[in-house]
1. Report the label-to-label distance for T153 and L39 in nanometres (one decimal), using points 7 Å from each Cα along the Cα→Cβ vector.
2. Express in nm, to one decimal, how much length is gained between L210 and A28 on full extension, taking 0.36 nm for each residue of separation and deducting their alpha carbon distance.
3. Between A334 and R241, what is the label-point separation in nm under the 7 Å Cα-to-beta-carbon projection?
4. Stretch C259-D393 to full length: gain in nm at 0.36 nm per residue minus the Cα-Cα span?
5. Can you compute the modelled spin-label distance between T311 and V424, with each label point 7 Å from Cα toward Cβ, in nm?
6. For E296 and V62, compute 0.36 nm times the residue count separating them, minus their Cα-Cα distance, and round to one decimal in nm.
7. Work out from phi, with θ = phi - 60° and the Karplus expression 6.51 cos²θ - 1.76 cosθ + 1.60, the ³J(HN,Hα) of each residue of segment 379-396, listed in order in whole Hz, and give x for Gly and Pro.
8. Whole-Hz Karplus ³J(HN,Hα) for segment 22-29, in order, using 6.51 cos²θ - 1.76 cosθ + 1.60 and θ = phi - 60°, x for Gly and Pro?
Amino acid sequence: MRLATFLVAVLAVFSAQAAPLGLEKASALESIVQIQPELVARQAALPQPDASGRFPIARGVVTDWTSSTTGLWERLPSGEQVWRARVFAEGAVSVGVALSQDFEVAGQQLAIYSPEGDSIRSLRAPSRAGGVVHSPLISGHELVVELALPASTAVRPTVRIEQVKSGQYDPNKADAPQKSGACNIDVVCPEGDDWRAEIRSVARFEFTELLLTYLCTGQLLNNTAEDFRPLFLTANHCVSRENVAQSVNLYWNYETSSCGGTPDGSLAQVQGGATLLATNSDSDFSLLELTETPSEDFAVYYAGWDASGTTPAGAIAIHHPSGDEKRISFEYDALTATNYSEDDPDANGTHWRIEDWDLGTTEGGSSGSAIWDPNHRVIGQLHGGAAACGNDDPDWYGRLSVSWDNGADDNSLKPHLDPDNSGVLTLDGADPSGNEEEPDPGEGGSTAPDGSSGALGWLTLSGLLIGFRLRRRRRL
């Protein structure tokens, strides 16, 4: 029953494409076991999360396998042509591929899946001839690549398996070797109630650079045209080059179903590919435009932002620590403008310094996640720091106000978030479904930095701080 439920969820996400033909019980195709697998040897252990906070999960192996030299082409009685190849990664707990294709055929279906069919990922065609599409990782050490062509296809394209990703991390397993600390707070917990809309803007994502696949976090941002252009903010140290942006796979709504319960988030809501619009290492930001607008089924939200540089009275972070299900963290003290990894205040500093998290923390994998001010507006994204469960060390977030206008489209947020040059420095979030989830300040919601409007709600929540701190220490 669990397998059937999972397949229904995955196929609903990719409803525009049919199930892979190789998984149809009545298919006239050869059994997959008749196809000779291509083998990738066991890979060296991955490095630990680096100082920047990028979280490595897979090591890539370059290959020269193509649809002309490996796998099997077959023609169905309907006239459809199907190519399948098997890939076996010794010692891997998850596996993925990077594919290129010399030309796209209208109506083609490209997918990867586990031989048992319990993991299926439909793939977009490479964006152009010679482009590369990176699949998400799927559980296990073996996958099938399948390309199905319409009966009318006169000339077969050539698919090249450019890279096999041998994963040493499987987020579907609750006993993964590196899991986030116990002080982290699931977004489904009551602490997240006032932030339900913003929670839906945040995604966990994979990306590949120099044959290593990593995890980071990012979020959708609204723009002054309010046209729901899929603009995605993350860190420069996560994605700073166009080929890395193209490798991105995002997972929406990867969350636990109960507060403090067994991690059981679903990775079914996935989409791939992005273009790098702007990046700057000084404030450590990158802005991507996703290749596709997120599906309505994902119910995403486009977060608001504040580029004024006003010092906020506190902040919250929504992120994926160690690539785990989404968590939320709270800082109830005013932030300080500094430069990265410095403690001394500097009004012109490039970063916001979080003194110490009052609830929750951040970890490797949280990089690129935003902080919101009490007015529910993004003011920066995570660069790095030493915060962890069990300490009160600081974190630094690149200031959105510093990223705002650096003189060119490719190093500034303003040309993309304010496309009409309206001069606006603050913007509220927006929901494409029209169902806004703004909290009532009189019911424990957030506040403006000047203490007006929702100050009571912010202080009411911070008044619970001592009790939550005790809870956090008991869970260490």
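1. 2.9
2. 61.5 nm
3. 4.3
4. Working: separation 134, 0.36 × 134 = 48.24 nm, distance 2.55 nm.
Here the answer is 45.7 nm.
5. 2.8
6. 80.7 nm
7. 10, x, 9, 5, 8, x, x, 10, 4, 6, 4, x, 9, 10, 7, x, 10, 10
8. In residue order, the calculated couplings are x, 9, 6, 4, 8, 5, 7, 6 Hz.
Quick note: the coordinates plus some simple rules give every number you see, no bench work behind them. Model, not experiment: these values are computed from the prediction. With ideal geometry, Cβ positions are generated from the backbone for all residues, glycine too; neighbour counts draw on all protein chains shown.
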